[in-house]
Amino acid sequence: MIELLMILIGFVLLLLIVIWKHFIQQPKQAAFDAGNRDQTNIDLYHEHKAEIENDYQHGNIDEENYQYLLTELDQSLLQDMEHADKEKALNENDKSLSIVWPAFLSVFVIAFSVYFYSNNGSYQLITETPRAQAPDQQASTSAQQQAVERVQMLQQLTTQEPNNSDAWYGLGQALVAVGDFDGSLKAFDEVIRIDGEQADLYGAKAQATYYQNNQQITPQVQMWIDKALSLDSEDPSTNILLGMDNFMRQQYTEAIGYWQRVVDGNRDNVNVEALSGAIAEAKNRLAMTSGSAQNDFTGEADAANSVATSGPQLTLDVRVSDDIQQRLEQGADKVVFVYAIPSNGPRMPVAAVKMYASDLPATVVLNDARAMTPQAKLSDNEKVHVYAVISASGGVGIKPGDFKAELLDVDVTDNSPVTLLINSIVE
């Protein structure tokens, strides 16, 4: 920025010097010329006078002609001097007028330079030049950058075509991906304005609000769900959402029911194969927990840790700090959620485990077998944020009063065990 500014200033000063140098030197040159002209006239006067006197002394001219020639010579000198005075006065007037041009040119040069710098060399453009990123930084921002570019493209399209419902719907989905849930709800409202009320649109609004509220079915989410099901009880997006929420809360029987309803409906644009895989996983987990005395998944962590997986997995040593352990001992046993979410993108967990605080410390393995849905798996990400939350209310999400631990930007390919110490209170 300094180099460009100094070059521009130097260039402007050089132009100003060229412009004003001619103006400054012009009066001096005019004065010099005027002085030379006066002196020449005087020298010529004396030279002619000497010639006349010489002719008179040698008798070449008489007295009458001698006086006549001297008079003519005096008048000629006087006329030359008067003409020089008039020309000097004209030069003075020209000087007062000529200053306008260099002043105008100076203002133009300065104004043009400021305009050029503000548009092509401004401080912001230079300071915002991206620094060289390490390869892993570039890779981690690539997906997020693509999502942002898609949002920008769709926003431009909806501006150009405000009644393009497909563009508005795509924008709503894209805004969910970048975490702009309020914007996504407005986009879905535009689709409803154009195409009218449809179950899948309210299902999309329910999903966006669900993620906005940390994967909790709030009264607002329930309102969108009820509206969608009143229009179409078999709506895939709404039933998939309900199945995912039940799966996350380890209510596998209910999750299987919702997902099976979508599979049986065989609607277009539904990945039946992926959904069938999710149903199989829910049935597998249900079978692993059916023999539990508590029948509430207390022993699920140990059972699922033995599930073989060919993909990446995170081994977590989940522990509780001494001060929080003392608080837990004073009340009833509380639910613990251990889960991973993508470092970039939606906050939907890609792997999750539910247990109880009385089971801690415990070793928890997060892998694709712990996926909430086949569409969101640990192996689909390079880095994740990992959380362990002791829920005060027993519900999912991080809320005030919960105890938590977190590890940010964990490499999913790193198989070395890591410790997740629950030692902070959510304010």
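Coordinate-derived values only; no laboratory data. None of the values given here were measured: they were computed from a predicted structure. Using ideal geometry, Cβ is built from the backbone for each residue, glycine included, and neighbour counts are taken over all protein chains shown.
Sort the range 138-289 into rounded, prolate or oblate with this rule: let a ≥ b ≥ c be the square roots of the eigenvalues of the Cα gyration tensor; rounded if a/c is under 1.5, and if a/c is not under 1.5, prolate when a/b is larger than b/c, oblate otherwise. Prolate, since a/c reaches 1.5 and a/b exceeds b/c. Arranged from fewest to most other beta-carbon atoms within 10 Å of their beta carbon, 419, 238 become 419, 238. Among 189, 180, sorting on how many other beta-carbon atoms sit within 10 Å of each Cβ, with the fewest leading, yields 189, 180.
Too long at a 21 Å Cα-Cα cut-off: which of 186/377; 354/399; 334/404; 205/404? Working shown, then result.
Values: 186/377 29 Å; 354/399 16 Å; 334/404 13 Å; 205/404 29 Å.
Those over the limit are 186/377; 205/404.
Taking amide H atoms as placed 1.01 Å from N in the peptide plane, the amide H of residue 351 lies under 5 Å from those of 340, 372, each 5 or more residues away in sequence or on another chain. Once the chain from residue 57 to residue 222 is taken as fully extended at 0.36 nm per residue, the excess over their C-alpha distance is 46.0 nm. Residues 7, 324, arranged from fewest to most other Cβ atoms within 10 angstrom of their Cβ, appear as 7, 324.
Compute the length gained on full extension between residue 106 and residue 272: take 0.36 nm times their separation in residues and subtract their Cα-Cα distance, giving the result in nm to one decimal. Let's see the in-between values first.
Working: separation 166, 0.36 × 166 = 59.76 nm, distance 7.40 nm.
Extending this stretch completely gives an extra 52.4 nm.
Each semi-axis of the equivalent ellipsoid for the range 196-266 is √(5λ) with λ an eigenvalue of the Cα gyration tensor; in descending order they amount to 17, 16, 8 Å. On the beta carbon distance between residue 189 and residue 326, with R0 = 56 Å, the FRET formula returns roughly 0.70. For the listed peptides 352-364, 147-159, a ranking on the average number of other beta carbons within 10 Å per residue, highest first, reads 352-364, 147-159. Which of rounded, prolate or oblate describes the range 300-425 when judged by the alpha-carbon gyration tensor and an a/c cut-off of 1.5? Prolate, because a/c is 1.5 or more and a/b exceeds b/c.
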